[in-house]
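Just so it is clear, none of the values below were taken in a lab; they were calculated from the coordinates. Predicted, not measured: the structure shown is a model, and the values here were computed from it. Glycine also receives a Cβ, built like all others from the backbone with ideal geometry; neighbour counts cover every protein chain displayed.
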Amino acid sequence: TTDKDQGLNALLTRLEWSKGLTLTVGVHGAEGGEVDGKGPLTVLQVATVHEFGLGNNPERSFIRSWYDEKLTEHTEALRKIGAAVVKGQFTAQVGLERAGNLFVAEVQAKIASNIAPPLKKETSDRKGSTVALVDTGQMKSSIRFKITTSKDL
């Protein structure tokens, strides 16, 4: 008998390498720690207030609502990425980078979509715009993806 490797070892290597990879999307690290251009809060604090609401600021979810709206679509996209990794078309890292770039663009579009409820008149007068969540654009441009491994935790 002849033992012929028909790609199993390469497949196992790809799968082992991808084990423990995690993709997150949102305001991370350095961008989140920057002071917001309009006041004493950091970008992460401003994003959190908008995402969950606080006091006079109503909830305008741009992460959780995006996730819920796109769950079925993203599940299929990630399934296709997984199949491509198994076939050796690209690495898990490349697949997650592609997904991350797509997800960042979608969250930024969600932020720009003028999430309800409408701004109060005094807020839109002060800003000179009726678009909620976008003032200087700093929070929107701070949305990033991050890929970590279990070793990073």
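Selection of the stretch 117-153 for residues being over 22 Å from residue 38 (Cα atoms) and touching a residue at least 24 places away in the same chain (Cβ under 8 Å) yields 145, 146, 147, 148, 149, 150, 151. Could you check the stretch 77-93 and list, in sequence order, the residues that are under 17 Å from residue 147 (Cα atoms) and without any contact (Cβ under 8 Å) to a residue 24 or more places away in the chain? Hits for the stretch 77-93 are 78, 81, 82, 90. Screening 112, 77, 83 for residues that are under 20 Å from residue 38 (Cα atoms) and small (Gly, Ala, Ser) leaves exactly one candidate, 112.
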